[in-house]
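Down below is the structure, laid out as structure tokens.
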4 protein chains.
Amino acid sequence: MKAVFKEKPAPGAVLKQASEPKPGPNDVLIKIEATSICGTDVHIYTWDAWSQKRIKPPMIFGHECAGKIIELGKNVEAAGKLKLGDKISVETHVYDGSCFQCKQGNPHICENMKIFGVDMNGVFAEYAVVPQQNAWVNDPALPPAVACIQEPFGNAVHTVFEGGAPSGDSAVVLGCGPIGLFAIGILKAIGASHIYAVEPVPVRAEIARKMGATRVFNPKEDYVKEILGATKGKGVGAVLEMSGNGGALQNGFRVLRPAGKLGVLGVFPKDVQLDVTNGIVFKYARVYGINGRRIWGTWEKTRELLTGKKVDVRPVLTHEFKLDDFEKGFAAIAAGEAGKVILKP
Amino acid sequence: MKAVFKEKPAPGAVLKQASEPKPGPNDVLIKIEATSICGTDVHIYTWDAWSQKRIKPPMIFGHECAGKIIELGKNVEAAGKLKLGDKISVETHVYDGSCFQCKQGNPHICENMKIFGVDMNGVFAEYAVVPQQNAWVNDPALPPAVACIQEPFGNAVHTVFEGGAPSGDSAVVLGCGPIGLFAIGILKAIGASHIYAVEPVPVRAEIARKMGATRVFNPKEDYVKEILGATKGKGVGAVLEMSGNGGALQNGFRVLRPAGKLGVLGVFPKDVQLDVTNGIVFKYARVYGINGRRIWGTWEKTRELLTGKKVDVRPVLTHEFKLDDFEKGFAAIAAGEAGKVILKP
Amino acid sequence: MKAVFKEKPAPGAVLKQASEPKPGPNDVLIKIEATSICGTDVHIYTWDAWSQKRIKPPMIFGHECAGKIIELGKNVEAAGKLKLGDKISVETHVYDGSCFQCKQGNPHICENMKIFGVDMNGVFAEYAVVPQQNAWVNDPALPPAVACIQEPFGNAVHTVFEGGAPSGDSAVVLGCGPIGLFAIGILKAIGASHIYAVEPVPVRAEIARKMGATRVFNPKEDYVKEILGATKGKGVGAVLEMSGNGGALQNGFRVLRPAGKLGVLGVFPKDVQLDVTNGIVFKYARVYGINGRRIWGTWEKTRELLTGKKVDVRPVLTHEFKLDDFEKGFAAIAAGEAGKVILKP
Amino acid sequence: MKAVFKEKPAPGAVLKQASEPKPGPNDVLIKIEATSICGTDVHIYTWDAWSQKRIKPPMIFGHECAGKIIELGKNVEAAGKLKLGDKISVETHVYDGSCFQCKQGNPHICENMKIFGVDMNGVFAEYAVVPQQNAWVNDPALPPAVACIQEPFGNAVHTVFEGGAPSGDSAVVLGCGPIGLFAIGILKAIGASHIYAVEPVPVRAEIARKMGATRVFNPKEDYVKEILGATKGKGVGAVLEMSGNGGALQNGFRVLRPAGKLGVLGVFPKDVQLDVTNGIVFKYARVYGINGRRIWGTWEKTRELLTGKKVDVRPVLTHEFKLDDFEKGFAAIAAGEAGKVILKP
């Protein structure tokens, strides 16, 4: 089969032939119908500091996918819960099911987590082996390109709902990468009254508007002042930090209404200096770190929002390439012009 | 001024002249712009058993309203928070502010509650005196007929949100009186995936569809079977009981998904026989009695949903009469053909 | 090995020799150190209506246990998470891990639940086979008789904590069987301010006092009046229904403070007539059906409360017999004099 | 009457004669029975930067108190809810009752907050005027010295309970000033399994042990390593930051278990550099800024814990002086040897 390999500990990746993988007893083999490129894949592709520590080439990377089961591992077949022909997507957090956090109902923060497409081969290929416990059966009517973005869409669902969704309230989304854009659509679907977004890239700002943002600010604008003005000085009920930018987080606390919720999904390259006294203590802020997706509660909501067409994600899916042209996909992202990039084998 | 009086301890009411009331030190006087008829008003009008015990004629009844402040009580003026010309609606639960429940943040279930328009004169008149603590200042742009239904709309908001709103999940509304119809609109606004409604009256069933119901069942149908079928046997995530019918409540527990929420706003004329073991215990049900509105949290959400046009209540507002024709309003309700009936002085 | 069999579809049970069972690939084999008798075992023993429908003799019953792993199934050994010599107890709800409820994080209400010791052989024996997913590793220092009551203790933990524990608030426990008695101890440990209990059997009432009950009422007393009096007419913050008696549940709603929580663990032989209007709607009650234990969140709290000696369960463990004398255990329970009865092989 | 005045914009305070104050229409006049010194009073006394901006001398400061009502303002008398002879303490957050936050049920973070004893005269005197809305009626049996520390005790109650109390779980208290010490007692009362405290001052560390701390660390020790070791690398379920020390907060995130709660009551003199990625995002932390007390929910719990003797605060009350000797009280605190200092007129 064709597959995109991180071949060597260096920037780039190569498409080459590989033998079709065999599922272990607790795995399924899927024929890939669509994949999409995550920020993590970009880190692996560009071979940044994180990748150099974590990734062990050669490996097939990529983890967001939609595919069809074509072979069942022995135990999976015996269990009888998944069957040939099932259309699935993959929860990429491969949890052990037995640690303290898994036992508390938090497998998404498993103490012994492995990441699909990072710590094991992934989906930029024609076929992929998926641990059965991580397979999510899709509605067959969901188009593969939509099914495959459920994983990052789930990050947005998780951030919007954790600590309470701001239905009938105002919200700010900081950073309009694909997850931020999905979040805007979800906020609209749950009846947020005003949705402010902050994003420097014009193409993404435009998509943010299509997804339902009331107003989109360029970070060069004094958006703290603007949002406080628009909310009569009160600030917003919910801030969703999806940029990983320290300054954005600082501003997030400034535009947050006292007793409001601030969800942080962004990953920050370094420590952030925070005015804890005014931003958290006196503001009576409720801050939620977000990580992955609730397994499978988040996926249930994701399915309902997507199959019920409560959120139309198509404006976010800006590019689609053949897997052979994966380099065009990474180039589109590098150019800063892309929403979500789909790759199809 | 003209006012509709419950004149005698007997069915009916009369429109007659009365002197314009004077506000006490902690009251405001409003000029009424619109009122609407609540089920409670129907009880008073028809002089049912509850009314015979509670109501002390002669009195002016009615409590759902929108009006403009034209005089301020002495202490209200001194406090400086309300001002002449403010457009207001009225929270009808007149709480004492000092009992245990008020101190716990639950004034809506005050231990010494008085009801505006029931235990004191109300709003079916040209002018009304309103305790300042119960005045809610409206956005001036809100049409009086919409402003005046915020109180029952708030019941629906309260029921939808208490215990968690079913965004991205399915819900059933049992009974499509005005509050049930508002609830359907709110469920749609917060992104419920499927909204099932049960209502015998065709006119109301039709409004339910306009408000966003996925399907509306006549209670003669086997809607338990239908809803279980539509949810693949799982049942729905949220049931909102708004009919006060014991059989509906029993069915509500049958269509509820295990671990789902069941909100009860309906008032039942007699005890209800419940299969507690299967309906609550084994079903791991979460049941929320609902009463009034959170003061003022519910009103904040109500304002956002109405001023932001997340919910369009116009299909529910089926009739509008001059106050002089109040009997036509009660007749429309008695005929079972009405949604909400507006009366304007 | 010796084992207690439900041999025939008739009252009673027999102790007889059986061959030592072999664990399947996903099971472990344990040597039993202690077991205890649950109400469910009494149903099976007396062969009541429920048992006649559910139980398929011949089978070994019993499910509350503590034991030591002496053999690992093939897959269990491969997984490497459980090991020979581990002391374990058993979560008796054998969930499938793949249904909607399991995927929502609610395996304790799995749609395809099987019960250990009911739908498969159990623990009234020298050895037992346990599905590895249901094994809970104990602190080796926990005495077997204490380790084996964690399962019913967990029911009490679940009921106390679900919907919020009444720390610094008052509570009522209706019914002082072993789970009710454990609940009293847990309420004391979490700082409930006043703990009222209702129980007709003097021996149990006495244990209730030892566990920390402020007052214990005989159901013949007008305990509704007494509890309302003791709470200045307000009622208590939490009611825990653990009797399965319809009248007790009705009274539970009467002594519940408005906005209070009522947890229902009791199983009722028939429908209960409830004053929903006053008991739930106007009372703004929050009602939680309780079922099993959160897997494994409840067990974590259970372990902390027991190993940290926050709750001393010894007063509840009134009888201990050799497994050979199991009939004495059932007799003690039938005599209404027992707390928890331990059986040791 | 005698009163302690902040007389001039400079360090120190003076005891002098003043005329007995008269209550306004919405106030009560109390005869002070006991007061205690808060950290805020120390700021005012030492005339730090914050005081220089906020305080307008001359004024009577002090706000923690217990007293007896000896005169009722006109409206208070008319309302009939407070009466002569009532023993009261004071909620020091004087909220306006009409802003957005007050209307949301959050008067403790009122947008127009005034602080009793800071923005208006307080209680270091023989008599004081108290806004009736801020009066909390005490159980007459509560000793004045205990009644007067309910306000800071309430800060601890608020921090322990907000976001869920760690009953049956482990906790860390960072900083053992009086509020930290109260928090330890409360954690013990609600059944926390292990309570770790961090405090440099030996006298306070000793009181921490008396209040129920499992272990008390000197911040010079590597307590992060010790606590992680004691929790088998998992960290604790709840961290309560009560020191206002940036390094302590950083360590708080290090010892927090993933998905754990971190409450921040401490006020930090400057920004804190935080590893948001590892401390909040990947840790899935739930962070709660805490401010004042829930009015009056926190006071209800406070009353139950103190009148029910669930928490014995006496070890914290290290010093008691006559009001005339107030300087000895401030000196004891300055010497770093004090828990709570009581001043009695």
Open item on the list: At a threshold of 8 angstrom on Cα-Cα distance, excluding pairs fewer than six apart, so keeping six or more, what relative contact order does segment A:155-289 reach in percent?
Closed with: 23 percent
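What net charge do the residues around B:ALA135 carry, taking every other residue with its C-beta under 12 Å from that of B:ALA135, with Lys and Arg at +1 and Asp and Glu at -1? The partial results should precede the final answer.
Numbers: positive: B:LYS68, B:LYS81, B:LYS83, B:LYS87, D:LYS103; negative: B:ASP27, B:ASP86, B:GLU91.
Its environment carries a net charge of +2.
Write down the Å³ per residue value for the convex hull defined by the alpha carbon atoms of the protein assembly as shown.
On the way: hull volume 234.4 nm³, N = 1380.
Considering the Cα atoms of the protein assembly as shown, their hull volume per residue is 170 Å³.
Can you sort C:ASP324, B:ASP41, C:ASP27 by how many other beta carbons sit within 10 Å, fewest first?
Starting with the residue having the fewest Cβ neighbours, the order is C:ASP324, C:ASP27, B:ASP41.
Taking only the alpha-carbon atoms of segment B:185-241, what semi-axes of the equivalent ellipsoid follow from 5 times the gyration tensor eigenvalues under a square root, in whole Å, largest first? Before the final figure, lay out each step's value.
Working: eigenvalues 60, 51, 13 Å².
Equivalent ellipsoid semi-axes, largest first: 17, 16, 8 Å.
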Task: Shape category assigned to segment B:73-228 from the gyration tensor of Cα positions, a/c cut at 1.5 - done: prolate
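Among all lysine pairs in segment B:155-289 that are eight or more places apart or on different chains, how many have alpha carbons less than 12 angstrom apart? Don't skip to the end; give the middle numbers.
Values: B:LYS188/B:LYS210; B:LYS225/B:LYS234; B:LYS234/B:LYS283; B:LYS261/B:LYS283.
Close lysine pairs found across segment B:155-289: 4.
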Task: Loop-located GluC sites (Glu not before Pro) in segment A:1-87, at most 14 other Cβ atoms within 10 Å (DSSP) - done: A:GLU7
Open item on the list: I want to verify a result. In a Gaussian network model of chain B, Cα cutoff 10 Å, which of these has the top mean-square fluctuation: B:GLY85, B:GLY117, B:GLY175?
Closed with: B:GLY85
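Given the DSSP H assignment, sum -39500 (n - 2.57) over each helix run of at least 4 residues in chain B and divide by its residue total; what's the result at 222 nm in deg cm²/dmol, nearest 500? Present the calculation step by step, with values, prior to reporting the outcome.
Working: 12 runs with 100 residues, N = 345.
Computed mean residue ellipticity for chain B: -8000 deg cm²/dmol.
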- [ ] For segment C:155-289, state the semi-axes of the equivalent ellipsoid (square roots of 5 times the eigenvalues of the alpha-carbon gyration tensor), sorted largest first and rounded to whole angstrom.
- [x] 19, 16, 15
TODO: Round to a whole angstrom and tell me the spacing of the C-alpha centers of segment A:319-333 and segment D:19-43.
DONE: 72 Å
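Could you compute Rg(Cα) / (2.2 N^0.38 Å) for segment A:242-344, with N its residue count? Display every interim value, and only then the final one.
Values: Rg = 18.1 Å, N = 103, 2.2 N^0.38 = 12.8 Å.
Ratio of Rg to 2.2 N^0.38 Å for segment A:242-344: 1.41.
Order these by the 10 Å Cβ neighbour count, fewest first: B:SER19, D:SER51, C:SER89. Present the calculation step by step, with values, prior to reporting the outcome.
Numbers: B:SER19 8, D:SER51 21, C:SER89 31.
By the 10 Å Cβ count, ascending, the order reads B:SER19, D:SER51, C:SER89.
Which shape class applies to segment D:30-117: rounded if a/c is under 1.5, otherwise prolate when a/b exceeds b/c and oblate if not, where a ≥ b ≥ c are the square roots of the Cα gyration tensor eigenvalues? Don't skip to the end; give the middle numbers.
Working: a/c = 2.31, a/b = 1.23, b/c = 1.88.
Cα axes put segment D:30-117 in the oblate bin.
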- [ ] In whole angstrom, note down how far apart the Cα centers of segment C:186-200 and segment A:150-176 are.
- [x] 41 Å
Task: Long-range HN-HN contacts of A:GLU33 with modeled amide H, under 5 Å - done: A:ALA66, A:GLY67, A:LYS68
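Once the cut-off is 34 Å, how many percent of the Cα-Cα pairs in chain D end up in the long-distance tail?
Working: 14411 of 59340 pairs.
Tail of the P(r) past 34 Å holds 24 percent of the pairs.
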Open item on the list: For the pair C:LYS114/A:THR307, report the inter-label distance in nm, with labels modelled 7 Å from Cα in the Cβ direction.
Closed with: 2.8 nm
Open item on the list: Please compute the average number of Cβ atoms from other chains found within 10 Å of each residue's Cβ in peptide A:262-271.
Closed with: 4
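Just checking the output field for D:310-319: average partner chain Cβ neighbours within 10 Å of each residue's Cβ?
Working: counts 6, 2, 0, 0, 0, 0, 0, 0, 0, 0.
Per residue, the average neighbour count from other chains is 1.
Just tell me how shielded C:296-303 is by partners: mean number of partner chain Cβ atoms within 10 Å of each residue's Cβ, no decimals. Walk me through the numbers on the way to the answer.
Values: counts 6, 4, 1, 2, 6, 5, 1, 2.
Average per residue, whole number: 3.
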- [ ] Using a/c under 1.5 as the rounded threshold, could you call segment B:144-201 rounded, prolate or oblate? The axes a ≥ b ≥ c are square roots of the C-alpha gyration tensor eigenvalues, and prolate needs a/b larger than b/c, oblate otherwise.
- [x] oblate
- [ ] Would you look at the GNM of chain D, springs on alpha carbons closer than 10 Å, and say which of D:PRO23, D:PRO140, D:PRO166 moves the most?
- [x] D:PRO140
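Every number here is computed from the coordinates shown, using simple stated rules; none is lab data. This is a predicted model, so every value here is computed, not measured. With ideal geometry, Cβ positions are generated from the backbone for all residues, glycine too; neighbour counts draw on all protein chains shown.
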